[in-house]
Amino acid sequence: MEKLKAHAKKIITWHTFWQMFRYGLITLSSYFFIIAVVFLLKKIPIDEKIAYAIALSVAYVGVYIGYNKFVFKTAHNTKMLHRFLVVLALSWIGNNILFAFWTSILFISYPIATALNTLVLGVARFFAQKFYVRKS
């Protein structure tokens, strides 16, 4: 148990806390972007699952830039981009599967389904970004 506490203290620092805060701001911005795009694409009309996939894909470009500049303050490099694309692909698949689950099986509206996806997958994505994508 002491070993676990020591490991947790290494991970949860003030620096990490502020990164999580900035990460949350980027994530919240992407949430509102996705909601707006899905709303607009449904007016065309495009199925909301397809609209969500499109909005999510565009939002991921913005979050990559935001994470580099604002959250982790890292410069772009090819190795980091490749690791980001791995996390992006897994996250994109998980996001779309969960979105379909929330909206088609549980009949939850798309703004709430998007919020649930953000909450469920957000913490995992943060740690993947911090410890995998941006590893030295």
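Ellipticity at 222 nm from helices only: DSSP H runs of n ≥ 4 in the chain, each -39500 (n - 2.57), divided by the residue count, give -25500 deg cm²/dmol. A Förster distance of 22 Å, applied to the separation of the beta-carbon atoms of residue 61 and residue 105, puts the FRET efficiency at 0.15.
Over all other residues within a Cβ to Cβ distance under 12 Å of residue 20, the charged ones net out to +3, with Lys and Arg as +1 and Asp and Glu as -1. Residues of the stretch 11-37 with an amide N closer than 20 Å to a point placed 7 Å from the Cα of residue 50 along the Cα-to-Cβ direction: 34-37. For the stretch 75-89, the Karplus equation 6.51 cos²θ - 1.76 cosθ + 1.60, evaluated at θ = phi - 60°, returns couplings of 8, 5, 8, 5, 4, 5, 4, 4, 5, 4, 5, 5, 5, 4, 4 Hz by residue, with Gly and Pro reported as x. Placing R0 at 35 angstrom, the Cβ-Cβ distance between residue 70 and residue 98 gives a FRET efficiency of 0.85 after rounding to 0.05. Only lysines eight or more places from residue 130 in sequence, or on another chain, were considered; those with a Cα closer than 20 Å are 5, 9, 10, 69, 73, 79.
A short reminder: the numbers here are calculations on the coordinates, not readings from a lab. Being a predicted model, the structure only gives us computed values, none of them experimental. Don't worry about glycine lacking a Cβ; one is built from the backbone with ideal geometry, like all the others, and counts go over all protein chains shown.
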